[in-house]
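The values are calculated or read from the model by the stated rules, or taken from the named source; none is laboratory data. Keep in mind the model is a prediction, meaning the values are calculated, not measured. Methodologically, a virtual Cβ is constructed for each residue, glycine included, from the backbone with ideal geometry; neighbour enumeration extends over all protein chains shown. Note: accessible area is taken over every heavy atom of the protein model, side chains too, but ligands, DNA and RNA are not part of it. Shrake-Rupley method; radii C 1.70, N 1.55, O 1.52, S 1.80 Å.
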Amino acid sequence: MYELERPVWAQVDLDQLAENMRAIQRAVPGKRIMSVVKGDAYGHGMIPVARTFKSCGIRDFAVALLGEAVELREKDPESTIMVLGYSDPRGARIAISEGITSTVFDYSVAEEFSKEACRLGKEAKIAIVLDSGMGRIGYVPSPKTLEEIQAIAKLPGLRLEEFFSHFATADARDPREAKRQLARYEAFRQELAEVGVHFKHYHMANSAAILNHTGSLMDTVRPGIIQYGYYPRAKEPSKSIKVSPVLTWKTKLIQVKEVAQGTPIGYSQTWRAPRTSLIGTIPLGYADGLTRALSNKGRVLIRGAAAPIRGLVCMDQCMVDLTQIPKARVGDEVTVLGTDGGAVYDADDMAKDLSTISYEVLCDISRRVPRKYIHGKKEGQ
Ligand SMILES: Cc1ncc(COP(=O)(O)O)c(C=O)c1O
């Protein structure tokens, strides 16, 4: 419905996506790769992305929510699917029935999963998360935690699958805090082993750790952003894992007009032409994910050159300055994210304009923007 006669689309190059995954696989031989496809695969579309990774041999996926896990399970009955975030006991029945791994960091929640597993006559796959320094979810290492996990391990109907933690600073230039986190995790894992608690898999490494802390890879790694072609440190490509962005966001100029010096542009008239100017309108705005914070700040690419955003970004439209691109015409292709000739404005560039990170820029591209998938140079929805 959204693609009906509106020239706005995000092109996702599945061949490049597969190349990125192969680059990761080459860098971590023998490791189990748990591909992170939460947030609709960082805005790229979870189902086509997971399908592409499966064709590369990936059999383990991580999402944030039970809803995402169920959506993936419908299309993929075999792979491991783990919910990294809070697993509400109200979802225990569906998680267990669908063979989805649930993350637990509380005895009473584990008990609920155990009871539901016994009721269903099935096993509940459980992951336990350790807070080794992120301060987000998870057990803090302590004697009490050790006792509690031992008690969880004795509950009937639970299968202890994953024992994991998450780095807070693996992308930092100073490696010391990440090393401290790793040491905390390793020490606690050892304590668990000493009291006879064992999991099938142990992991901690996100993209930044895969790149910067190769001693933290254990048996499983959890790459997210590098799969999609961006590096955790913006514009700092790695020599060991070469990836490229797979998503290009496009639109077209729908109007071009010359305006006189002093002409105001957009709501609240926040920009006035300092001289005779050429102004173009594009048919997308903040409801598409072109955030309003880009007003008078961001830019798009047209005919290989940058066209600055002028005035406030509207909900569905936005104005750009074509004065430096006098040949611009209605119907010209506009690159909102990507490359055009020698010019580049990617999610790292937009993130810089917004004081955020590529992750957020990609996740913000709304569902209103149809994704077009390129595979073997063929296009599909
Ligand atoms: C628990 C967990 N593991 C792995 C990842 C993947 O991280 P990245 O995209 O930095 O590789 C995330 C993403 O935020 C996460 O929350």
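Annotations
- Of the residues examined, Lys352 is not one that is in a strand (DSSP E or B), basic (Lys, Arg) and not assigned by TED's automatic domain parsing to the domain that holds Val36.
- Of the residues making up segment 61-84, those that are open to solvent by 20 Å² or more (accessible area, probe 1.4 Å) and within 20 Å of Thr220 (Cα to Cα) are Ala64, Glu78, Thr80, Leu84.
- Among the conditions (1) under 13 Å from Trp249 (Cα atoms); (2) touching a Pro at 6+ places or on another chain (Cβ under 7 Å), the only one that Gln317 does not satisfy is (1).
- Scan of segment 363-372 for residues that are open to solvent by 30 Å² or more (accessible area, probe 1.4 Å), touching a helix residue (DSSP H, G or I) at 6+ places or on another chain (Cβ under 7 Å) and not in a helix (DSSP H, G or I), ordered by number: Arg368
- Of the residues making up segment 348-362, those that are touching a helix residue (DSSP H, G or I) at 6+ places or on another chain (Cβ under 8 Å), farther than 22 Å from Glu19 by Cβ and open to solvent by 30 Å² or more (accessible area, probe 1.4 Å) are Asp353, Leu354, Ile357, Glu360.
- Residues of segment 2-34 classified as of a type in the set (Phe, Trp, Tyr) and in a helix (DSSP H, G or I), total: 0
- Residues in segment 20-56 that are closer than 18 Å to Val221 by Cβ and open to solvent by 40 Å² or more (accessible area, probe 1.4 Å): Arg22, Gln25, Arg26, Ala27, Pro29, Gly30, Lys31, Lys38, Lys54.
- Test: residue in segment 185-203 that is among the polar types (S, T, N, Q) and open to solvent by less than 30 Å² (accessible area, probe 1.4 Å): no
- Where strands (runs of 3 or more DSSP E) fall entirely within segment 223-298, those with at least 3 residues that are open to solvent by 10 Å² or more (accessible area, probe 1.4 Å) are at 247-252, 255-259.
- Residue within segment 204-214 that is open to solvent by 10 Å² or more (accessible area, probe 1.4 Å) and without any contact (Cβ under 8 Å) to a residue 24 or more places away in the chain present: yes
- Extreme residue, farthest from the ligand (Cβ to nearest atom), among residues of segment 153-169 that are open to solvent by 30 Å² or more (accessible area, probe 1.4 Å) and in a loop (DSSP other than H, G, I, E, B): Pro156
- Checking each residue in segment 183-213 for being under 16 Å from Met34 (Cα atoms) and within 22 Å of the chain's Cα centre (by Cα) picks out Tyr202, His203, Met204, Ala205, Asn206, Ser207, Ala208, Ala209, Ile210, Leu211.
- Some residue of segment 155-162 being more than 22 Å from His213 (Cα to Cα), in contact with a Leu (Cβ under 9 Å, 6 or more places away or on another chain) and at pLDDT 95 or above: yes
- When segment 197-216 is limited to residues that are part of a loop (DSSP other than H, G, I, E, B) and within 15 Å of Leu182 (Cβ to Cβ), the one that is farthest from the ligand (Cβ to nearest atom) turns out to be His213.
- Restricting Glu98, Glu112, Glu177 to residues that are out of contact with any strand residue (DSSP E or B) (no Cβ under 7 Å at 6 or more places or on another chain), of a type in the set (Asp, Glu) and under 23 Å from Asp40 (Cβ atoms) narrows the list to Glu98.
- The listed residues are Ala172, Ala178, and the only one of them that is more than 30 Å from Ser97 (Cβ to Cβ) and open to solvent by less than 30 Å² (accessible area, probe 1.4 Å) turns out to be Ala178.
- Selection count where residues are within 16 Å of the ligand (Cβ to nearest atom) and surrounded by 18 or more Cβ atoms within 10 Å (Cβ to Cβ), scope segment 86-110: 7
- Residue in segment 210-228 that is over 30 Å from Val49 (Cα atoms) and not small (Gly, Ala, Ser) present: no
- Restricting attention to segment 217-236, the residues being over 16 Å from Tyr345 (Cα atoms) and more than 12 Å from the ligand (Cβ to nearest atom) number 3.
- Filter result (more than 22 Å from the chain's Cα centre (by Cα) and of a type in the set (Lys, Arg)) within segment 240-265: Lys252, Lys257
- The residue that is nearest to the ligand (Cβ to nearest atom), among those in segment 112-131 that are acidic (Asp, Glu) and closer than 24 Å to Leu192 by Cα, is Asp131.
- Residues within segment 299-322 that are open to solvent by 40 Å² or more (accessible area, probe 1.4 Å) and either in a loop (DSSP other than H, G, I, E, B) or not charged (D, E, K, R) (or both), tallied: 6
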